[in-house]
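What follows is a single structure, written as structure tokens, with notes after it.
The values are calculated or read from the model by the stated rules, or taken from the named source; none is laboratory data. These numbers come from a predicted model, not from an experiment. Neighbour counts are summed over all protein chains in view; Cβ atoms, including those assigned to glycine, are modelled from backbone coordinates with ideal geometry. These accessible areas exclude ligands, DNA and RNA; they are computed on the full protein's heavy atoms, side chains included. Shrake-Rupley method; radii C 1.70, N 1.55, O 1.52, S 1.80 Å.
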Amino acid sequence: MLKLPRLYIKKTACTSSLEIILNKNTFNFKQFKKNREKRMIIEPNYREVLNANISRRGARYMKMGLYTALKCLESNTKEIDAIIVGTGIGDFSFTEKFLLEMIEKKEENLSPNTFIQSMDSLISANIAILTQSDGYNTTYVNRGVSFENTIIDAGLHFLEDKTNLILVGAADELTANYAKAISKSGFLDTKHSKTIKKSLGEGSVFALLSNKGIKGEVFIEDIQVLLNASTDEINKTIKQLLVNNKIGFKDISLMLADRELVSNLYGLDKLPTIYYKDYVGEYPTSSSFAVWLSEKILITQHIPNLICVNNTVPSTFRKIIIVNQYKNNTSIILISL
Amino acid sequence: MNIFISGLGIISPLGIGVKENYEKLYKGKSGISNLEIIDSIHKGKLPVGEIKYSNDDLLNFLQEDTIEKPYSRTMLIALIAIKEALNDAKISKSDIKKYRIGLISASTVGGIRETEQNFEDFIKNKKTEDFISTHSIADATEKIANKLGIKHYQTTINTACSSSSNAITLGSRLLKNNLLDIVIVGGVDTLSKYTINGFSSLLLLDSEPCKPFDNDRKGINLGEGAGFIVLESEESIKTRKINPKAKLKGYGIASDAYHNTATSPDGIGLQKAMNLAFRNSQLTPIDIDYINTHGTGTPNNDLTEGIAMKTVFNKNIPDFSSTKSYTGHCLAAAGAINIIFSVIALTNNFIIGNLNFKNPIPQHGLKPVLKTKKEKKIRNIMSNAIGMGGFCTSIIISKC
């Protein structure tokens, strides 16, 4: 099993379909509609951090990621040693746009801007350009564990050298055509699909990670990813994770999980649980929202009023476990104070 | 910890397998031809590096009856290369269960070929094949990992044209941190109407066979290919009693942080990557006997790459060449294909000739090796890749 050093979360930013009200000591969400078919982000005021040109003509995938990354870096003055981004869907809207252009214009006089801005690697490249960071820079496109891969890479860096500050993040954009294609292909269908209708979502989260931290700061304590794992293998991994960190189920304050997966997992069903996808929808990097939410809960010791928790909520929060399932990907993340 | 390259696997416009690729490189024979297979207005007008096998041909070659549908051309050529690499490294099915093995792939456009074939019907609400499952660059990797039983680590990355170079460095890091014993790393990209039109719209395509480092160069020829290598820790090599092909001596990664489509005038990002590679491998410029360049044939790249090399090597540049005139620019696969070509050069003691060169670029005056330079003693090779958006990776390989 993967063993990485503690990854302290210094700062975060989140762009979501939820309207977030952040105060110094607490946070809440404004009233939202449940049971929406698509959970689209509340379009931020891109001009806050991006220039007029990018705000007007930039690909939405890129704008979403860049905005969130720059908000995360807002008060940061230190040098960023690495920029690592994850996406599951990539830049689908500009890919569609270029494909349509190719059809409509019969491959003549096509827009180079559309092609260039259809690349998955766009966000991490442009964060580097805008912040003038010349260090390690990469983009993971690995479906449901794209964001987890960025954390693991950051952890590897902390094991390897004196790296201090790494920006990790994720962005996934939902388009009408993407939703239609997913639905037609049945890509996300499971045996429960006839009874539980999945809402698709989108969003972006960025976090500044460091290998140095102080008491009272939240850190990622453990992270495991699995491919094509059976329920048995997932159960074994969770058990081993607890053993490796010298804790038991009683030490876990809260679980953030995928509704369908959890019903099969041993020992976790008694934990107070938030089914985070009920709020942000299903998208490959939704676990980044779960990480963001966990950090906020641990720092503020508060769960937003509009969030439902299964089972009795403890009085203090010390450790949160995230159990995420997306098609053939599973991840387990332990976040601690 | 020393990291070794124990297996190679490739399919490119030069052919299927290391042997065919080696023969063409050694003979100075290019794989660039006219665009044939893809249905496009550019058909017959554009030189490209095309793998002259249809998907059915590739399936026949694989002799597989269990390919999980739907699959993309990308998956087929990746599987061909990965199987050759595993075979070459003598990794059996039982080895995959026995050792901690990972798979890291890279691609820029993944299953775009299948997406573009179906997209018009899709938007017209006609029935189509399932293209959305194969669209993501993650799909081929996931299906291949599943097929081969690789469980310890799998991922796919995209850093444009330096993607597979980064897959190689990531693999090396996972081995060095003792998270894996063996890792298969590389990249893949197929030709598509999408990329042909994309690069055409950027005015980056040459309507003739490309001329890397030549003063009259006009741009790239696109290519398609898959290149994968097997990396192992020293302990794994000893345990399995394998004779490795080369040592992965070191690498350096840096961002140019300049522009989405152009490299900074002095190639600052590449300079930093090369210097980091020297530090990481504890070598200096005089230790390098051959530079296998990115050399795409664009006015911007070959100018800035040359300036970067001249700066880092203090004007004492060793033999260098670009192999893009053999295969075209295979995008994400380029980095791994370059490393495979470098290992071929290293183990057979020759420098690969740079085709189609006549006159040096006046700003740096660098002249590549033009013809196959035989019986050349090579200790260390540096191979560089630069991705659009400023992703620079430099890798050094050495004789064992």
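From the residues in region A:238-279 that are among the small types (Gly, Ala, Ser) and crowded, with 17+ Cβ neighbours inside 10 Å, which one is nearest to A:LYS33 (Cα to Cα)? This residue is A:ALA257.
Let's see how each residue does on (1) modelled with pLDDT under 95; (2) within 7 Å of chain A (Cβ to nearest Cβ):
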{"site": "B:ILE112", "(1), (2)": "no, no"}
{"site": "B:GLU116", "(1), (2)": "no, yes"}
{"site": "B:PHE119", "(1), (2)": "no, yes"}
{"site": "B:ALA138", "(1), (2)": "no, yes"}
{"site": "B:ALA145", "(1), (2)": "no, yes"}
{"site": "B:LYS151", "(1), (2)": "yes, yes"}
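The residue list B:THR159, B:THR155, B:THR128, B:THR134 contains one member that is without any contact (Cβ under 8 Å) to a residue 12 or more places away in the chain and either open to solvent by less than 10 Å² (accessible area, probe 1.4 Å) or touching a helix residue (DSSP H, G or I) at 6+ places or on another chain (Cβ under 7 Å) (or both), which is B:THR128.
Just one of (1) on the phi < 0 side of the Ramachandran plot; (2) without any contact (Cβ under 8 Å) to a residue 60 or more places away in the chain; (3) assigned to a loop (DSSP other than H, G, I, E, B) fails for A:GLY88. It is (2). Does region B:1-49 hold any residues that are part of a loop (DSSP other than H, G, I, E, B) and under 18 Å from B:ALA89 (Cα atoms), and which are they? Passing the criteria: B:ASN2, B:GLY17.
Apart from one condition, B:HIS294 fits all of (1) open to solvent by 40 Å² or more (accessible area, probe 1.4 Å); (2) within 17 Å of B:ILE381 (Cα to Cα); (3) part of a loop (DSSP other than H, G, I, E, B); the exception is (1). For A:THR95, the test of being over 17 Å from the mean Cα position of the chain (by Cα), surrounded by fewer than 21 Cβ atoms within 10 Å (Cβ to Cβ) and either facing chain B (nearest Cβ under 7 Å) or in contact (Cβ under 8 Å) with a residue 12 or more places away in the chain (or both) is failed. Within region B:257-291, the residues that satisfy the criterion of being within 22 Å of B:ARG173 (Cα to Cα), open to solvent by 10 Å² or more (accessible area, probe 1.4 Å) and either within 11 Å of another protein chain (Cβ to nearest Cβ) or of a type in the set (Lys, Arg) (or both) are B:GLN271, B:LYS272, B:LEU276, B:ARG279, B:ASN280.
Taking every residue in region B:303-332 that is free of Cβ contacts under 8 Å to residues at least 12 places away in the same chain and pairing it with any residue that is in a strand (DSSP E or B) and open to solvent by less than 10 Å² (accessible area, probe 1.4 Å), at least 6 positions away or on another chain, yields no pair with a Cβ-Cβ distance below 9 Å. The sole residue among A:ASP251, A:ASP269, A:ASP258 that is farther than 25 Å from A:ILE41 by Cβ and touching a residue at least 12 places away in the same chain (Cβ under 8 Å) is A:ASP251. Restricting A:SER210, A:SER183 to those that are of a type in the set (S, T, N, Q) and surrounded by 21 or more Cβ atoms within 10 Å (Cβ to Cβ) reduces the list to A:SER210. Could you check B:ALA246 against (1) within 14 Å of another protein chain (Cβ to nearest Cβ); (2) closer than 23 Å to B:ILE101 by Cβ and say which number it fails? So B:ALA246 meets the others, but not (1). Checking each residue in region B:163-209 for being over 19 Å from the mean Cα position of the chain (by Cα) and aromatic (Phe, Trp, Tyr) picks out only B:TYR194.
Which one is nearest to the other protein chains (Cβ to nearest Cβ) among residues in region A:73-92 that are polar (S, T, N, Q) and open to solvent by 50 Å² or more (accessible area, probe 1.4 Å)? Checking each candidate, the answer is A:THR77.
Identify all residues within region B:354-382 that are at pLDDT 95 or above, open to solvent by 10 Å² or more (accessible area, probe 1.4 Å) and under 22 Å from B:SER281 (Cα atoms); write none if there are none. If the condition is that a residue be at pLDDT 95 or above, open to solvent by 10 Å² or more (accessible area, probe 1.4 Å) and under 22 Å from B:SER281 (Cα atoms), then B:ARG379, B:ASN380 are the ones that fit. Within the set A:ASP134, A:ASP120, the sole residue that is within 7 Å of chain B (Cβ to nearest Cβ), within 30 Å of B:SER40 (Cα to Cα) and not in a helix (DSSP H, G or I) turns out to be A:ASP120. What tally of residues in region B:374-392 results from selecting those that are away from every other protein chain (no Cβ under 14 Å) and outside any strand (DSSP E or B)? Of the residues in region B:374-392, 6 are away from every other protein chain (no Cβ under 14 Å) and outside any strand (DSSP E or B).
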